[in-house]
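Visitor: What follows is a single structure, and I will ask about it in a moment.
Just so it is clear, none of the values below were taken in a lab; they were calculated from the coordinates. From a predicted model like this one, the values you see are computed outputs, not experimental measurements. Positions of Cβ are backbone-derived with ideal geometry, glycine not excepted, and every protein chain shown enters the neighbour counts.
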């Protein structure tokens with residue numbers, strides 16, 4: 001049958017597009033219809049069902065900080081997903097508490113999404129509340145002052161721009177906080 | 001079965017398709033695309049070295065906002081993918097398709113306009129990535145107005161190629177034409193999905209569209225157009241007919257069906273539905289079918305012809321590219337398996353894999369095409385065969401150094417990550433030797449770019465290359 005496509009461009013085009021659209025539609029259009037959790041914000045107040053919490057939309061300031069995060073390309077080196085791997089839950093954890101695994105319903109308000117493909121620096125999916133403002137300011141000025149051996153570039157123009165700095169920190173403190181995963185509620189500001 | 005393959009083997013000797021008056025072709029569009037793409041290859045090669053250096057010396061240019069890693073990486077990726085590779089591929093298609101159709105390019109004027117627009121887009125991309133006008137999607141960083149121009153340029157390119165095919169004199173379309181037409185059609189939809197449809201989604205849904213684009217930018221843009229080039233130039237440069245038409249059909253149509261399903265394998269173990277991950281894994285493994293069909297066909301074409309590899313530089317690039325294609329497309333299915341993915345995902349293995357596909361396989365094909373085509377369209381001898389041979393070895397040594405250290409380093413890094421007792425920063429410090437080797441491999445590759453670009457430039461400018469080619473032939 002496909003031999004006809006050797007001689008006829010219209011048959012070729014029809015066959016090539018048909019092949020493409022079968023997989024294309026089934027893997028992009030169908031999944032969000034089948035899996036409702038992709039679009040329903042996380043909301044759980046029943047401790048019996050697991051970790052509690054509620055996903056909040058970003059405030060104006062947090063969005064501004066998020067835009068700086070996008071502009072500077074932080075997402076090229078920092079992923080935002082605690083995967084279903086034991087090591088990920090330990091590494092995203094804090095002070096002996098393992099972090100919960102990331103789920104689609106925690107990212108409903110994210111655009112652009114910032115899951116990332118490369119982990120040159122640590123994952124940031126649960127970084128919210130781990131470090132206070134002072135730590136972030138010093139770290140942006142020169143990461144190696146706080147973490148010897150780090151290869152993160154310094155960002156003095158963020159640390160010195162009070163409005164941008166406050167916005168970025170406000171954004172970072174939201175990361176992973178839809179799930180209220182710290183039993184002692186010991187989040188830094 | 002054997003008989004059938006043997007029978008169809010000689011069916012479309014490429015040489016016959018080009019038994020045609022060469023002076024028919026004007027090739028202005030091809031010239032413009034090839035020259036500008038090689039220029040970007042050189043310029044973006046410098047950027048590549050800068051970002052490789054930043055892994056070793058993080059303070060380097062660190063306080064210049066416009067030259068941080070976060071700005072230069074998208075410049076490197078977009079510049080190499082769209083400024084160099086895709087533009088070179090398009091230039092080669094403007095050369096190849098008219099010859100396989102036995103007619104001249106449908107509209108040389110439209111082609112020249114396309115080249116001008118493409119250059120405007122690339123310059124716009126340089127400015128916007130450096131300024132940080134970044135949409136936040138990998139491979140789709142460019143701001144919206146440039147995305148719209150890319151679509152316009154792609155329609156102009158597609159119209160020209162499709163019209164050339166429509167007025168063709170040879171009724172049967174050679175494999176190269178299928179791959180070229182397929183690239184044009186699929187790219188249109190893949191690009192629209194990644195750059196426009198993604199705007200209407202958020203979170204995981206958006207990521208799924210983004211990965212469909214990212215994966216198919218390689219799988220349904222650079223793979224088919226790269227294979228279009230290989231299918232034309234391997235038989236051409238080795239002067240041997242393609243082994244099997246039937247096998248090339250199997251390769252093409254299985255690629256058309258299988259590739260698009262695999263996007264979600266970028267989020268294995270991540271926050272995306274398990275069933276979708278499983279589908280992506282199954283189809284990722286099935287990718288072995290089109291890859292092995294194509295690679296076997298190329299190897300069988302070379303049967304009895306391998307001695308030509310000794311001094312035929314374009315053929316060296318082509319067949320080495322085929323081997324890298326085989327390897328990178330073996331890695332792909334393997335690290336889509338959940339167990340392997342748990343180790344290598346997000347590590348330095350990934351850039352090792354990506355560079356082997358885009359540099360090792362598809363750029364090698366494009367470089368071979370340039371070495372073959374540029375002397376033909378400028379009607380001069382290649383400036384220096386010996387320098388071309390040097391460029392091959394520089395690319396090969398640099399490439400293998402880069403790929404191998406990053407695979408090993410990536411595995412090592414992944415194993416360290418999977419042991420939570422090792423603090424994260426220790427896994428960063430441990431990779432330093434890997435990044436040093438990567439940087440020096442980059443210097444080799446950049447040396448290859450310089451040798452390649454200089455050779456092409458000298459050929460175009462018509463420096464008399466006769467003597468040095470003779471000398472190279474004599475010493476070879």
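Visitor: If you find the alpha carbon centre of region B:389-417 and of region A:21-42, how far apart are they in angstrom?
Guide: Going from one Cα centre to the other spans 37 Å.
Visitor: Hey, another quick one. Report the semi-axes of the equivalent ellipsoid for chain A in whole Å, largest first, where each axis is √(5λ) for an eigenvalue λ of the Cα gyration tensor.
Guide: Working from the Cα gyration tensor, I get semi-axes of 39, 23, 16 Å.
Visitor: In addition: Modelling each spin label as a point 7 Å along the Cα-to-Cβ direction, I'd like the residue A:25/residue B:110 distance in nm, to one decimal.
Guide: 2.9
Visitor: In deg cm²/dmol, rounded to 500, what helix-only [θ] at 222 nm does chain B give when every DSSP H run of at least 4 residues adds -39500 (n - 2.57) and the total is split over its residues?
Guide: Per the formula, -23500 deg cm²/dmol.
Visitor: What does the C-alpha gyration tensor say about the overall shape of chain B? Classify as rounded when a/c is under 1.5, otherwise prolate if a/b is larger than b/c, or oblate.
Guide: Details: a/c = 1.42, a/b = 1.31, b/c = 1.08.
Verdict is rounded for chain B.
Visitor: What FRET efficiency do you get for residue A:95 and residue A:49 if R0 is 35 Å and r is their Cβ-Cβ distance, rounded to the nearest 0.05? Mind showing how you got there, number by number?
Guide: Details: r = 25 Å, r/R0 = 0.70.
Given R0 = 35 Å and the Cβ-Cβ separation, E is 0.90.
Visitor: Calculate, for residue A:146 and residue B:309, the FRET efficiency according to 1/(1 + (r/R0)^6) with r their C-beta to C-beta distance and R0 56 Å; round to the nearest 0.05.
Guide: 0.55
Visitor: Other chains' Cβ within 10 Å of B:192-205 residues: what's the mean?
Guide: 5
Visitor: Shifting gears a bit: Would you mind ranking A:106, A:188, A:162, B:138 by Cβ crowding within 10 Å, fewest neighbours first?
Guide: Fewest to most other Cβ atoms nearby, the residues stand as A:162, A:188, B:138, A:106.
Visitor: If neighbour count is taken as other Cβ atoms inside 10 Å, put B:365, B:33 in order from fewest to most.
Guide: Details: B:365 32, B:33 27.
The fewest-first ordering by Cβ neighbours comes to B:33, B:365.
Visitor: Let a ≥ b ≥ c be the square roots of the eigenvalues of the Cα gyration tensor of region B:17-67; is it rounded (a/c under 1.5), or, if not, prolate (a/b larger than b/c) or oblate?
Guide: On the way: a/c = 8.58, a/b = 3.84, b/c = 2.23.
Note, shape of region B:17-67 comes out prolate.
Visitor: With each pseudo-label sitting 7 Å past Cα toward Cβ, what's the residue B:300-residue B:66 distance in nm, one decimal?
Guide: Output for this residue pair reads 5.5 nm.
Visitor: Just subtract the alpha-carbon distance of residue B:188 and residue B:166 from 0.36 nm times their residue separation and send over the number in nm, one decimal.
Guide: Stretched fully, the residue B:188-residue B:166 segment lengthens by 6.0 nm.
Visitor: Now for a different question. Given labels modelled 7 Å from the Cα in the Cβ direction, how far is it in nm from residue B:155 to residue B:430?
Guide: Label-label distance for residue B:155 and residue B:430, simple model: 5.3 nm.
Visitor: Using a 10 Å cut-off around each Cβ, can you sort A:58, B:66, B:95 from fewest to most neighbouring Cβ atoms?
Guide: Ascending number of Cβ neighbours within 10 Å: B:66, A:58, B:95.
Visitor: How much FRET efficiency would the formula 1/(1 + (r/R0)^6) give for residue B:199 and residue B:123, where r is the Cβ-Cβ distance and R0 is 35 Å, rounded to 0.05?
Guide: Efficiency at R0 = 35 Å is approximately 0.90.
Visitor: Continuing with the same structure: To test your reading of the geometry: what angle, between 0 and 90 degrees and rounded to tens, separates the Cα axis of helix B:385-417 from the longest principal axis of chain B?
Guide: Approximately 30 degrees, to the nearest ten.
Visitor: Another one. Using a Gaussian network model on chain A with a 10 Å cutoff between Cα atoms, which of A:13, A:101, A:70 fluctuates the most?
Guide: Most flexible of the set in this elastic network: A:13.
Visitor: Next question. Angle between the Cα long axis of helix B:203-217 and the longest principal axis of chain B, 0 to 90 degrees, nearest 10?
Guide: 30
Visitor: If packing is taken as the average number of other Cβ atoms within 10 Å across a peptide's residues, how do A:112-120, A:151-159 rank, most packed first?
Guide: A:112-120, A:151-159
Visitor: Using alpha carbons only, how many angstrom separate the centre of region B:220-294 from the centre of region A:133-178?
Guide: Between the Cα centre of region B:220-294 and that of region A:133-178, the gap is 43 Å.
Visitor: Also, I was wondering about something else. Full-extension gain between residue B:23 and residue B:339, please, as 0.36 nm times their residue separation minus the C-alpha to C-alpha distance.
Guide: Additional length available on full extension: 108.1 nm.
Visitor: Specify the angular offset, from 0 to 90 degrees and rounded to the nearest 10, of the alpha carbon long axis of helix B:274-286 from the longest principal axis of the alpha carbons in chain B.
Guide: For B:274-286 against chain B, the angle is about 30 degrees.
Visitor: Using a Gaussian network model of chain A with C-alpha springs under 10 Å, which one of A:135, A:38, A:75 is most mobile by mean-square fluctuation?
Guide: In this elastic network of chain A, the residue with the biggest mean-square fluctuation among A:135, A:38, A:75 is A:135.
Visitor: Anyone know which of A:126, A:95, A:137 comes out most mobile in the 10 Å Cα GNM of chain A?
Guide: A:95
Visitor: Let me ask something additional. Return the whole-Å distance between the Cα centroid of region A:54-106 and the Cα centroid of region B:40-64.
Guide: 28
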